[in-house]
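A.B. asks: Submitted below is the structure of interest, expressed as structure tokens.
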Amino acid sequence: MWRVLRRPRGPERDGPARASGLLKAVLPALRLLQVRLRIPAALLVVAIVAGQWETLRNRWDTLTRPRSTADPAMLAVTNDVEYFCPMDPGVVSGWPGKCGVCHMALVVRKKGDATMLPDGVVARMQLSPYRVQLAGILTSPVDFRPLMRTREATGVVDRLEDRARVRCEVAARRAPWIAVGQEAEIRSPDLPEFGARLGKVAAVTPQVVDGFETLQAEVEVDDAEGGLRPGMVAEVTFRVPAAGLEPFRSLPSDPPPRRAGEPVQVYACVEHPDSIGLIPGRCPEDQLPRMLLNLDDRQRVRWWCPMHPEVTDDRPGSDCAECGGMELRPRLVTFRPAGQVLAVPESAVVDSGSSTVVFVESMPGMFDGVEVELGARCGDAYPVIRGLEAGQTIVIRGAFLLDAETRLNPSLTASYFGAARRQAEASAVALGAATRADPAGGAEAEALASLPPGDLELARRQGTCPVTGMPLGSMGRPIRVEVDGRVVFLCCSGCEGKLRRDPARYLGGATGAGTDQP
């Protein structure tokens, strides 16, 4: 019979068997470690990536950065800068380009830097469409309206043949505009069928009773039927168009026809609307490029002297005779329709006691709190003296919610300088003892304090404008110009033309005027 012979187990057969057994023994332990340590390992990887994120991002940007040198602006992009649109501040990009809303070139700024608010804006906030809808915010454009000032009084009826006369008293400070010849509406609660009839003010007599100034007004109305009997009580309503009262009466109205060659478009600064020019250029306040602005039918360009506003002209090229020949500067003048004033609804006004604010929608979802000056309330609206322009979109419902949001959540406006009164005061305190030691007056010190720290020291060293000799800051924020490599500060933009035409005359013998640019 066959017999199976087994080969004896040698050392060469024991090695693989031992390795296999060791692997079978270690594998469960490795699996256990994998289960136990996978979460800590993932957290460790996340921590390493987070700690080296800037390094990894820099390496990625280096690898993906364009190699072409045709566009230097693209090569200048770094991680600590961003690009924004001054006209539409909500448009922010990490790369240079143009704004998709107004097609203006984006301006570079350092990330985290607070953006200066435009003139007249005290707060700015941006809300998502969901929050705008949740708050029920409603907007509407500002327009001109024929508003009427009214004042009601109660008097006693007296008879004059076929006419009735009503004598009443009105507080002089509440209705100083009541004058002889104005129309007034008369009605009597004792005679409802009499209705309301129009009469005229026949006499107005000022009186002082116990130190209180009043107006004794007499209103006459035709009443041949004798419905109004002596001794009856009558209610008188005085009315006058708001456009016929100051300061609205002095505002320009009814635009004149355009002359041949008169400009129909100007270049205006987004942040400083008063800084305009007839040719492309940069704003002397912040050096931002001016935007092309087409004038509407009610706007005209007029020239004036910043130092003497009463000196005006309808044509360019004139000089001011009051201040030694300063070149008149262009400005926009908006003519109101006859008998109408710019008006905002009562619901759009937020009155804090010390200031009056209206929220303007500068772009979808972004609201600017603009400080305005208003006249006395006329019915359900307020006439606007200054602060708004026709066509601007304002919040007519939900303004108090926006105001409360800016107060309860300051982080919404923390990225803007001048976002609140307290923030402006804090910025002034941060300037330190240098501002407090300024020998200039309060307004001049405030204008100088708005300059950057480097320019502030140069402006203080210069002291006065080399063209007019006026203290820097007396005409607002000084204008920084460069002439022949020297930095010079002027009291206003009207002096720039004279300085550039003859720099030797104004800088040659002026002490401290002009500093070599570093």
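A.B. asks: Place +1 on the Cβ of every Lys and Arg and -1 on the Cβ of every Asp and Glu in region 177-242, take the dipole about the Cα centre, and give the residue among 196, 180, 217 whose Cα lies farthest towards its positive end.
C.D. replies: 180
A.B. asks: Most exposed first by the Cβ proxy, i.e. fewest other Cβ within 10 Å, how do 235, 285 rank? Before the final figure, lay out the partial values.
C.D. replies: Values: 235 16, 285 20.
Final ranking by Cβ density, sparse to dense: 235, 285.
A.B. asks: Oh, and also: How much length would be gained if the chain were fully extended between residue 38 and residue 22, taking 0.36 nm per residue of separation minus their Cα-Cα distance, in nm to one decimal?
C.D. replies: Working it through step by step, the gained length comes to 3.4 nm.
A.B. asks: Okay, next question. Multiply the residue gap between residue 200 and residue 50 by 0.36 nm, knock off their C-alpha separation, and tell me the result in nm, one decimal place.
C.D. replies: On the way: separation 150, 0.36 × 150 = 54.00 nm, distance 8.14 nm.
The span from residue 200 to residue 50 would gain 45.9 nm if fully extended.
A.B. asks: Given R₀ = 35 Å, what would the calculated FRET efficiency be for residue 213 paired with residue 148, taking r from the Cβ atoms and rounding to 0.05?
C.D. replies: The formula returns an efficiency of 0.90 here.
A.B. asks: Which of 275, 318 has the fewest other C-beta atoms within 10 Å, and how do the rest follow up to the most?
C.D. replies: Sorted ascending by nearby Cβ count, the order is 318, 275.
A.B. asks: I would also like to ask the following. Among the lysines, select those whose C-alpha is under 25 Å from the C-alpha of residue 110, and discard any that sit fewer than 8 residues away in the same chain.
C.D. replies: Cross-link targets: 98.
A.B. asks: Can you put 81, 221, 166 in order of Cβ neighbours within 10 angstrom, beginning with the fewest?
C.D. replies: Starting with the residue having the fewest Cβ neighbours, the order is 81, 221, 166.
A.B. asks: Report the full-extension gain for the segment residue 92 to residue 282: residue separation times 0.36 nm, less the Cα-Cα distance, to one decimal in nm.
C.D. replies: Stretched out fully, the residue 92 to residue 282 stretch lengthens by 66.3 nm.
A.B. asks: Between rounded, prolate and oblate, where does region 255-334 land on the alpha carbon gyration tensor, with a ≥ b ≥ c its root eigenvalues, rounded for a/c under 1.5, else prolate if a/b exceeds b/c?
C.D. replies: On the way: a/c = 1.96, a/b = 1.09, b/c = 1.80.
Here region 255-334 falls in the oblate category.
A.B. asks: Which aspartates and glutamates, on any chain, are close to residue 111 with Cα under 12 Å apart, when same-chain ones fewer than 8 places away are left out?
C.D. replies: 80, 82
A.B. asks: On to the next question. Taking only C-alpha pairs under 8 Å that are 6+ residues apart, what is the relative contact order of region 225-370 in percent?
C.D. replies: Details: 198 pairs, mean separation 27.9, N = 146.
That works out to 19 percent.
A.B. asks: State whether region 148-242 is rounded, prolate or oblate according to the following rule on the C-alpha gyration tensor (a ≥ b ≥ c being the square roots of its eigenvalues): a/c under 1.5 gives rounded; otherwise a/b larger than b/c gives prolate, and the remaining case gives oblate.
C.D. replies: Cα axes put region 148-242 in the prolate bin.
A.B. asks: Calculate the spin-label point distance for residue 57 paired with residue 502, positioning each point 7 Å from the Cα along the beta-carbon direction, and give it in nanometres.
C.D. replies: Label at residue 502, label at residue 57, 5.6 nm between them.
Every number in this text was worked out from the coordinates using simple rules, so none of it is lab data. Predicted, not measured: the structure shown is a model, and the values here were computed from it. Quick reminder, even Gly has a Cβ in these numbers, built from the backbone with ideal geometry, and neighbours come from all protein chains shown.
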